[in-house]
Amino acid sequence: MLEIGPPKYNQGDYVRIDFGSGHCKAMINKVKRNRRHDKDIREGRVHQYYAKRNPNGWFYQVAKHYGTGTGDVPDLRNAHWSRNLKLDISECEIRKLIPADKDFKLKHLSQGMTADTEVLVISN
C-alpha cells in the first residue's frame, strides 16, 4: 500500500512544468486531491504506471505562462498567459519551483492568478 504524503508545491508557487511536447512556467492556483485515486491507494489497486507518475496523488490547477525563456528568471518581454487558469496537471509534470518573492508575483504574475491565489499571495 502506498502512503499519501503532503503536497510538494503550494498554491501561489511559480513553477517550471513539462506539458505536452515542451515546457513552460506556470502559476499554481489550486492544490487538490482525486478521491478515486485516494481510495485506490488505500486498497492497493493503483496501476504501477500511475503510482510511478504520481506517487502521492496530488493534482494542481495551473495557469501556463508561455514565452518566458528557459532560465529561472523569466524573460517577460514576449510572455503571455494561457486563457485557461484552471488546467489540471499531476505532480510529476512539475519539474521545479522557481523562486519568486511576493512583490515580483504581484507585479508580473497577477494575470495568471485566480482571485483566491492573489489574496493568498498578498497575505503572505
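A few remarks follow.
- Extreme residue, least open to solvent (accessible area, probe 1.4 Å), among residues of the stretch 58-89 that are small (Gly, Ala, Ser) and in contact with a Gly (Cβ under 9 Å, 6 or more places away or on another chain): Ala63
- Counting only residues that are over 15 Å from the mean Cα position of the chain (by Cα) and of a type in the set (S, T, N, Q), the stretch 111-124 holds 3 of them.
- When Asp103 is tested against (1) touching a Phe, Trp or Tyr at 6+ places or on another chain (Cβ under 7 Å); (2) of a type outside the set (Lys, Arg); (3) open to solvent by 80 Å² or more (accessible area, probe 1.4 Å), exactly one condition is not met: (1).
- Scanning the stretch 78-115 for residues that are under 14 Å from Lys25 (Cβ atoms) and among the charged types (D, E, K, R) gives Glu93, Arg95, Lys96, Lys105.
- Flag if Glu43 is of a type in the set (D, E, K, R) and open to solvent by 30 Å² or more (accessible area, probe 1.4 Å): yes
The values are calculated or read from the model by the stated rules, or taken from the named source; none is laboratory data. Here the structure is a predicted model, which means the values were calculated and not measured. Every residue, glycine as well, gets a Cβ built from its backbone with ideal geometry; the counts of neighbours run over all protein chains shown. Accessible surface areas use protein heavy atoms only, side chains included; no ligands, DNA or RNA. Shrake-Rupley method; radii C 1.70, N 1.55, O 1.52, S 1.80 Å.
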